[in-house]
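What follows is a set of notes on a single structure, which appears directly below.
The values are calculated or read from the model by the stated rules, or taken from the named source; none is laboratory data. Since the structure is predicted, the reported quantities are computational estimates derived from the model, not experimental observations. Cβ placement follows ideal geometry from the backbone for every residue including glycine, while neighbour counts extend to all protein chains displayed. Quick note on the areas: whole protein, heavy atoms, side chains included, nothing else; ligands and nucleic acids left out. Shrake-Rupley method; radii C 1.70, N 1.55, O 1.52, S 1.80 Å.
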Amino acid sequence: MTIRYTKQFLNKLEDIFAESDYVLRYEKGNFKSGYCLLKDTKVAIVNKYYTTEGKISCLIDILKSVEIDKATLSDKNAALLMELSQTTLKL
């Protein structure tokens, strides 16, 4: 799968978080990796000053590192999550 660094693709990734148990927030911060993940409370915080490309990369990293119940996702989002789990990022 090729990753498209567009606002529409960012919205698709945000939809996966909206359907999952994780809460996605954009906040200012100086996170070393660009994001902060609080696994116990299921909150993902991404640096709001990042570019669209940076936000997409962070969200993909987060989705690969957490367990999301695919039963709560729509078929379209579950298929996208499956494709993302098999994709490696090349920047």
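Out of the residues in segment 1-25 meeting the condition of being touching a strand residue (DSSP E or B) at 6+ places or on another chain (Cβ under 8 Å) and touching a residue at least 24 places away in the same chain (Cβ under 8 Å), tell me which one is surrounded by the fewest Cβ atoms within 10 Å (Cβ to Cβ).
Glu14
One residue stands out in segment 66-80 among those that are within 21 Å of Leu37 (Cβ to Cβ) and part of a loop (DSSP other than H, G, I, E, B): the one that is modelled with the highest pLDDT, namely Leu73.
Checking each residue in segment 32-59 for being open to solvent by less than 40 Å² (accessible area, probe 1.4 Å), out of contact with any helix residue (DSSP H, G or I) (no Cβ under 7 Å at 6 or more places or on another chain) and in contact (Cβ under 8 Å) with a residue 40 or more places away in the chain picks out no residue at all.
Looking across segment 37-65, the residues that are farther than 22 Å from Ile3 by Cβ and in a strand (DSSP E or B) come down to Leu38, Val43.
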